[in-house]
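Student: Have a look at this one.
The values are calculated or read from the model by the stated rules, or taken from the named source; none is laboratory data. Keep in mind it's a predicted model, so treat the numbers as computed, not measured. Glycine gets a Cβ as well: all are built from the backbone with ideal geometry, and neighbour counts include every protein chain shown. To get the accessible areas, we keep the full protein, side chains included, count just its heavy atoms, and leave off ligands, DNA and RNA. Shrake-Rupley method; radii C 1.70, N 1.55, O 1.52, S 1.80 Å.
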Amino acid sequence: KYVAKAYEYSKPGIEPVLYDLSNIKFENYPWLMKKLKLGETIFIPSVEGLPSEAAFEKSFFQEHLIKSGLIIPILSDNKMLGHIGFGSVSEESFWSDEHVSLLKVVAEIIASALIKQRAEDALRESEKKYREILEFTEDAYYAVDLRGNFTACNRAMEKMLGYNEKELIGLNFRSLCQNSDQIYKVFNQAFEKAKPRFSVIINLIRKDGSNITADLSLSLIYNKEGYIVGFRGLGRDITERMQLEEQLKYLSFQDQLTGLYNRRYFENELDRLDGGREYPVTVISADLDGMKLINDSLGHRKGDQYLKACANLLEENMRSSDILARVSGDEFAIILPRTNQKEANKLISRIRNAIDAYNEVQPDLPISISMGLAVSEKDTQLLEETYSMADSNMYQDKLQRNQQACGNIVKALLAYQDDRKRDGGKENEYKKQLSIKIGQKIGLNDQQMANLIALSEACHLGNVAIPESVFNKQGRLKQDEWEMVRQHSEKGSRIASFSPALNKIADLILYHHENFDGSGYPAGIKGEAIPVECRIMSVVSSFIAMTSYRTYGKVLSNQEAIEELRRCSGNQFDPKLVEVFISCLKDELSLRIEWDR
């Protein structure tokens with residue numbers, strides 16, 4: 001649309017017209033433009049002889065005293081890039097065909113130079129933008145020659161590897177790889193197949209010696225002749241991503257509480273070993289005895305500790321080739337590749353011995369594990385079936401062990417409860433002696449007497465579930481703490497139901513805090529609906545509590561306690577039993593055994 005750039009050479013003495021040639025609108029000279037666009041060379045031997053349709057052009061030439069002219073278009077693919085113009089101002093001139101041909105050659109040379117210049121300018125601009133993009137992209141860029149030496153990099157690559165550009169250029173890529181053979185094979189395969197790689201996971205060594213994992217792309221660099229001269233690509237530090245993937249993989253196969261493998265991993269291993277070369281394969285099913293009792297009595301936190309102690313004990317006795325998993329709440333499973341029944345029995349014996357040794361050192365909460373095994377000698381039997389057989393054998397073992405294990409745990413809980421008291425168990429003995437005397441005086445039968453004695457020793461078994469901060473708290477309890485204490489009857493009853501020695505008195509433990517008028521807990525039964533053993537225990541326990549040291553009240557004398565029993569007779573206590581108890585105190589001074597109050 002305009003003459004944007006103009007260059008002029010004038011013979012000495014001739015006035016230049018360059019200024020007038022700048023910003024000329026082509027549309028003002030239609031005759032000239034039509035011919036130039038058609039690629040015609042325009043020879044004007046005489047300006048005066050121009051046709052009428054060239055009136056604008058004639059006026060321009062005359063204004064600048066031009067008498068003759070020659071205009072040659074500069075073309076590229078029939079597209080005008082510019083033109084060369086010659087004007088004669090002193091006289092009319094003639095340009096021969098030879099001169100015109102030579103000038104056309106000059107125009108072609110200029111056209112080629114312009115095209116090359118524009119291409120180089122575009123390339124430089126493109127390279128500038130490319131460098132800017134590479135410089136500020138978050139991806140690390142690298143280029144290496146065929147020997148693997150760095151020839152280019154960007155800031156992200158410097159940051160990723162910890163080197164600056166000067167240090168990286170010339171450095172061999174293989175020296176940064178933890179496994180140099182691996183990266184050599186990758187680059188060599190790309191070279192031989194002339195194919196790029198879109199993702200190469202490689203472990204690299206940073207300048208400070210730390211290790212990272214990078215994900216690299218790899219493309220080929222060609223020279224003008226089409227030969228491969230190097231490699232380039234982008235990369236990212238994926239160390240955190242890989243660590244996260246490993247963590248997720250770990251979590252998907254690991255039991256969070258014990259750190260052992262979980263059921264999913266165990267089942268995958270059964271599938272993997274099925275039909276393989278690891279036969280004979282032994283599977284052991286193991287179940288922790290008394291787990292529900294521990295959770296019910298001491299809470300799930302203590303139960304978790306018990307479970308982890310069992311897991312550690314099992315793990316310590318495994319071989320490196322064995323696979324130990326926690327497959328459910330209190331169940332474990334073990335896979336023993338290339339292990340026959342004799343060798344498996346040796347492992348079980350080793351575990352049993354380890355349990356005995358543990359219980360000698362840690363008698364407070366003894367561990368008991370029921371176990372069963374099954375062996376698959378050949379691949380004709382699915383290992384899932386072998387596991388089912390081992391599980392069935394484990395339950396047979398559990399029928400023999402579980403009651404004894406629960407009984408041992410209950411004994412340990414009773415011992416633990418006695419240890420929490422200040423008197424070292426003297427209170428229980430005093431309670432038992434008083435209870436026996438009342439029972440004898442009212443004529444209880446042998447079974448009732450046996451139940452009464454057992455109740456005197458275990459009535460507060462449920463207190464093991466009360467935290468130390470509440471059990472020995474100074475002063476009055478808060479409402480939520482009192483509610484916790486009130487639950488000890490129910491908890492004690494549940495615990496006793498697990499013990500062969502105490503399950504007969506589970507109901508007595510449940511009702512030993514019921515009141516004669518129905519105001520007690522937990523069931524609110526009253527009168528003679530309350531078992532007689534519980535009514536006796538209510539009177540005896542209350543008397544001992546009133547005449548003994550307690551964190552929540554003052555110590556009463558025997559007479560003050562007797563008066564309190566009579567005051568509450570008929571509502572809290574059975575009136576008849578209160579009087580029997582008082583008579584026992586008066587008649588039998590031998591009952592006043594040494595008792596540290």
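Student: Could you give me the radius of gyration and the Dmax of the range 272-389, taking only the C-alpha atoms into account and expressing both in angstrom?
Tutor: 15.3, 47
Student: Still on this structure, I have one more. Note down the net charge around S199, summing +1 for each Lys or Arg and -1 for each Asp or Glu among other residues with Cβ under 11 Å from its Cβ.
Tutor: Spelling it out: positives minus negatives among the neighbours equals +1.
Student: How far is the Cα center of the range 260-327 from the Cα center of the range 58-107, in Å?
Tutor: 99
Student: Let me ask something additional. Can you pick out the pairs among K249/K342; K34/K67; K195/K224; K58/K79 whose Cα atoms lie more than 30 Å from each other?
Tutor: Pairs exceeding 30 Å: K249/K342.
Student: Evaluate the distance, in nm, between pseudo-label points positioned 7 Å from the Cα of S10 and of V470 along their respective Cα→Cβ axes.
Tutor: Placing both labels 7 Å beyond Cα along the Cβ direction yields 11.1 nm.
Student: While we're here: Roughly speaking, to the nearest percent, how much of the range 358-492's 1.4 Å accessible area is carbon and sulfur?
Tutor: Roughly 46 percent of what the probe reaches on the range 358-492 is carbon or sulfur.
Student: What FRET efficiency do you get for K308 and A119 if R0 is 60 Å and r is their Cβ-Cβ distance, rounded to the nearest 0.05?
Tutor: 0.20
Student: I'd like the FRET efficiency for H99 and Y222, computed as 1/(1 + (r/R0)^6) with the beta carbon distance as r and R0 of 60 Å, rounded to 0.05.
Tutor: The pair H99/Y222 has a calculated efficiency of 0.85.
Student: A follow-up question, please. On alpha-carbon atoms, Rg over Rh for the chain using Kirkwood Rh?
Tutor: For the chain, the value is 1.45.
Student: Once you put a point 7 Å from the Cα of Y521 and another 7 Å from the Cα of K576, both along the Cβ direction, what distance in nm separates them?
Tutor: With each label point 7 Å from Cα toward Cβ, the separation is 2.9 nm.
Student: Gain in length, M33 to Q440, computed as 0.36 nm per residue apart minus the alpha-carbon separation, to one decimal in nm?
Tutor: Gain on stretching M33 to Q440: 132.7 nm.
Student: Which lysines have a Cα lying under 23 Å from the Cα of K576, excluding residues fewer than 8 positions away in the same chain?
Tutor: K431, K432, K437, K441, K526, K586
Student: Please list, or write none, the lysines whose alpha carbon is within less than 27 Å of the alpha carbon of K346, excluding same-chain residues fewer than 8 places away.
Tutor: Once the sequence-local lysines are set aside, what remains near K346 is K308, K378, K398.
Student: Contour minus end-to-end for A501 and M318, with contour as 0.36 nm per residue of separation and end-to-end as the Cα-Cα distance?
Tutor: Between A501 and M318, full extension yields 62.3 nm more.
Student: Counting only other residues whose beta carbon sits under 14 Å from that of E343, what net charge do I get with K and R as +1, D and E as -1?
Tutor: Charge balance in the 14 Å sphere: +2.
Student: By average Cβ neighbour count within 10 Å, what is the ranking of 341-349, 372-380 from highest down?
Tutor: Packing order, densest peptide first, comes out as 372-380, 341-349.
Student: Further, regarding this structure: Post the alpha-carbon centroid distance, the range 367-419 to the range 514-561, in whole angstrom.
Tutor: 42
Student: Once you put a point 7 Å from the Cα of A194 and another 7 Å from the Cα of E40, both along the Cβ direction, what distance in nm separates them?
Tutor: 5.0
Student: How many Å² of accessible area per residue for the chain, probe 1.4 Å?
Tutor: For the chain, the per-residue accessible area is 57 Å².
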